[in-house]
Amino acid sequence: MTTVTECIEIQVDSRQVLDERLDDAVRGLQQIAMATGTQGILLTRHKAGHYTAALSDQVPFGMTRELIN
């Protein structure tokens with residue numbers, strides 16, 4: 001069973017803003033992940049300009065993975 005918590009939705013129109021928001025989301029999720037040490041970060045591209053960043057038990061702690069839907 002997959003558990004996803006602490007999900008951050010990101011919607012942007014420019015690449016520069018996307019990079020900034022993804023970096024901010026990953027930094028914030030890294031701090032939360034450090035508290036439990038059990039989840040990694042999953043970045044998912046849903047469509048152009050629409051992403052989510054979330055903690056996931058399907059990603060090993062200390063890792064960040066990308067998924068394109």
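Quick notes on this one:
- Potential lengthening between Thr38 and Val12 on full extension [0.36 nm per residue; Cα-Cα distance subtracted]: 6.4 nm
- Kirkwood Rh in Å, taken over the chain so that all alpha-carbon pairs contribute: 12.0
- 0 to 90° range, to nearest 10: angle between helix 15-36 axis and the chain longest Cα axis: 10
- Carbon and sulfur %, accessible surface of the chain computed with the full protein complex present, 1.4 Å: 50
- Summarising the strand pairing of the chain, around 70 percent of its internal DSSP beta bridges are antiparallel.
The values are calculated or read from the model by the stated rules, or taken from the named source; none is laboratory data. Nothing here was measured: the structure is a model prediction, and the numbers come from that model. Note: accessible area is taken over every heavy atom of the protein model, side chains too, but ligands, DNA and RNA are not part of it. Shrake-Rupley method; radii C 1.70, N 1.55, O 1.52, S 1.80 Å.
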